[in-house]
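Trainee: I'd like to ask you about the structure that follows.
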Amino acid sequence: MINKKSREELKLMRHAGGVVALVHKAMKEAVTAGISTFELDEIASRVIKENKCTPTFLGYNGFPGCICTSINDEVVHGIPSKDRILKEGDIVSIDVGATYRGLVGDSAWTYPVGKISEEYEKLLKITELALFNGIDKMRPDNVLDDISGAVEDTALGAASNIPKELQGKKYGIVRQYGGHGVGRNMHEDPFLFNYRVKNNTKIKAGYVIAIEPMINLGVDEVVVSAVDNWCVSTADNKASAHFEHTVAATDDGPLILTALE
Ligand code: MG
Ligand code: MG
């Protein structure tokens, strides 16, 4: 069942989301060659706690970090570690959740480490565009498949607003993971695919969904690490990007709850 959020709940989620945005602001500054993903986790933890929130991910199904840090071919759920040092030319996806008075904000961004290849740059741009094309469909009386279709079209080069320099390539779309309702729990109904599945569930004002395209340079397929049982990587070891916002549908249009306040 998809639950509608009250005005009061949306206010609290806006606060949680604003803190998530502050973490991303700190991550953007901190991501440089030579820093470990453990150090990034420490910074995120500090920002979340200084702002009277709790790190949603820490302890979730036993997850050991406040953020997920997934480098290059890693898609999602990478565990922060002192042994994982960022290098010039890497890309790192950082996923953050913060809980404020029981309500959750969830947002991910992929950051370049120094100068990255043109191929990586385009992957980041197309995935960010897929997110915003999806967000634009988060309106009452649209259906869930409108969001999924907008993401799919962007990844496959079929969206009408793809800039010229990004045209002409079809990207892989991660199938096993996707967006989700969010509120008093990090993962609520509905599950949101990043490609069309003929889901004609109508979007209503008060629905909140974390929209999160995961787009690959190569194939769609991904594998879960046999070492830690968390980290998800692409099956062909080509790079992947992940952009996510928590978004409310309102009568005035989509409202991004994880933007800076
Ligand atoms: Mg997330
Ligand atoms: Mg999420």
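The values are calculated or read from the model by the stated rules, or taken from the named source; none is laboratory data. Only a predicted model underlies this, so the values are computations on that prediction, with no experimental measurement involved. Positions of Cβ are generated from backbone atoms using ideal geometry, with glycine treated the same way; all protein chains shown enter the neighbour counts. SASA here: full protein model, heavy atoms, side chains in, ligands and nucleic acids out. Shrake-Rupley method; radii C 1.70, N 1.55, O 1.52, S 1.80 Å.
Trainee: Can you work out which of the residues in the range 99-123 that are open to solvent by less than 20 Å² (accessible area, probe 1.4 Å) and not in a strand (DSSP E or B) is nearest to ligand 2 (Cβ to nearest atom)?
Mentor: So the first thing to find is which residues in the range 99-123 are open to solvent by less than 20 Å² (accessible area, probe 1.4 Å), and the list is 103-108, 110-111, 113, 116, 123.
Narrowing further to those that are not in a strand (DSSP E or B): 113, 116, 123.
Numbers: Val113: 23, Ile116: 24, Leu123: 19 Å.
Ranking the qualifying residues of the range 99-123, first place goes to Leu123.
Trainee: Okay, next question. Kindly provide the set of residues from the range 2-23 that are aliphatic (A, V, I, L, M) and outside any helix (DSSP H, G or I), ordered by number. First the steps, then the outcome.
Mentor: First pass over the range 2-23, keeping only residues aliphatic (A, V, I, L, M): 2, 10, 12-13, 16, 19-23.
If the condition is that a residue be aliphatic (A, V, I, L, M) and outside any helix (DSSP H, G or I), then Ile2 is the only one that fits.
Trainee: In addition: Taking the range 233-253 as the search range and keeping residues that are surrounded by fewer than 21 Cβ atoms within 10 Å (Cβ to Cβ) and in contact (Cβ under 8 Å) with a residue 12 or more places away in the chain, which one is nearest to Met13 (Cα to Cα)?
Mentor: Our first condition is that a residue be surrounded by fewer than 21 Cβ atoms within 10 Å (Cβ to Cβ); within the range 233-253, this holds for 235-238, 250-253.
Filter once more, keeping what is in contact (Cβ under 8 Å) with a residue 12 or more places away in the chain: 235-238, 250-251, 253.
Values: Ala235: 35, Asp236: 37, Asn237: 36, Lys238: 35, Thr250: 14, Asp251: 18, Gly253: 17 Å.
Checking each candidate, the answer is Thr250.
Trainee: Still on this structure, please answer the following. Of everything in the range 128-173, what is in contact with a strand residue (DSSP E or B) (Cβ under 7 Å, 6 or more places away or on another chain) and under 22 Å from Val232 (Cβ atoms)? Give them in sequence order.
Mentor: Pass one, the range 128-173, residues in contact with a strand residue (DSSP E or B) (Cβ under 7 Å, 6 or more places away or on another chain): 130-131, 134-136, 138-141, 143-144, 147-148, 152, 155, 171-173.
Within the range 128-173, Ala130, Leu131, Gly134, Ile147, Ser148, Glu152, Ala155, Tyr171, Gly172, Ile173 qualify.
Trainee: Quick one: is Gly168 assigned to a loop (DSSP other than H, G, I, E, B) and over 17 Å from the mean Cα position of the chain (by Cα)?
Mentor: In short, yes.
Trainee: Given (1) touching a Lys or Arg at 6+ places or on another chain (Cβ under 8 Å); (2) open to solvent by 10 Å² or more (accessible area, probe 1.4 Å), where does Gly168 come up short, assuming only one miss?
Mentor: In the conditions (1) touching a Lys or Arg at 6+ places or on another chain (Cβ under 8 Å); (2) open to solvent by 10 Å² or more (accessible area, probe 1.4 Å), Gly168 misses (1) alone.
Trainee: Let me ask something else. For the subset of the range 61-82 comprising residues that are closer than 17 Å to Ser233 by Cα and small (Gly, Ala, Ser), which member is surrounded by the most Cβ atoms within 10 Å (Cβ to Cβ)?
Mentor: Ser70
Trainee: Another one. If we keep just the residues of the range 85-98 that are out of contact with any Gly (no Cβ under 6 Å at 6 or more places or on another chain) and aliphatic (A, V, I, L, M), which is nearest to ligand 2 (Cβ to nearest atom)?
Mentor: Step one: of the range 85-98, the residues out of contact with any Gly (no Cβ under 6 Å at 6 or more places or on another chain) are 85-87, 89-97.
After this cut, where a residue has to be aliphatic (A, V, I, L, M) as well, the list is 85-86, 91-92, 94, 96.
On the way: Ile85: 26, Leu86: 22, Ile91: 19, Val92: 17, Ile94: 12, Val96: 10 Å.
The extreme case among them is Val96.
Trainee: Right, here's the next one. When the residues of the range 153-165 are narrowed to those that are part of a helix (DSSP H, G or I) and open to solvent by 30 Å² or more (accessible area, probe 1.4 Å), which ends up nearest to Asn61 (Cα to Cα)? Write out each step before concluding.
Mentor: So in the range 153-165, the residues part of a helix (DSSP H, G or I) come out as 153-155, 164-165.
Retained after the next criterion (residues that are open to solvent by 30 Å² or more (accessible area, probe 1.4 Å)): 153, 164-165.
Details: Asp153: 33, Lys164: 43, Glu165: 41 Å.
My answer is Asp153.
Trainee: Tally the residues that are open to solvent by 20 Å² or more (accessible area, probe 1.4 Å) and part of a loop (DSSP other than H, G, I, E, B), restricting the search to the range 24-55.
Mentor: Counting residues in the range 24-55 that are open to solvent by 20 Å² or more (accessible area, probe 1.4 Å) and part of a loop (DSSP other than H, G, I, E, B) gives 6.
Trainee: Go through the range 171-201 and give me each residue that's more than 16 Å from ligand 1 (Cβ to nearest atom), assigned to a loop (DSSP other than H, G, I, E, B) and open to solvent by less than 30 Å² (accessible area, probe 1.4 Å).
Mentor: Tyr171
Trainee: Let me ask something additional. Can you pull out the residues in the range 89-110 that are farther than 23 Å from His180 by Cβ and touching a Ser or Thr at 6+ places or on another chain (Cβ under 9 Å)?
Mentor: Narrowing the range 89-110 to residues farther than 23 Å from His180 by Cβ: 89-91.
Scanning the range 89-110 gives Gly89, Ile91.
Trainee: Cβ-Cβ distance below 7 Å, separation of 6 or more or different chains: which pairs start in the range 176-198 with a residue that is under 18 Å from Asp145 (Cβ atoms) and end on one that is part of a loop (DSSP other than H, G, I, E, B) and at pLDDT below 95?
Mentor: Asp189/Met1
Trainee: Continuing with the same structure: Report, by residue number, each residue of the range 185-222 that is among the aromatic types (Phe, Trp, Tyr) and either within 13 Å of ligand 2 (Cβ to nearest atom) or modelled with pLDDT under 95 (or both).
Mentor: As a first pass, look at the range 185-222 and keep what is among the aromatic types (Phe, Trp, Tyr): 191, 193, 195, 207.
The one that is among the aromatic types (Phe, Trp, Tyr) and either within 13 Å of ligand 2 (Cβ to nearest atom) or modelled with pLDDT under 95 (or both): Phe191.
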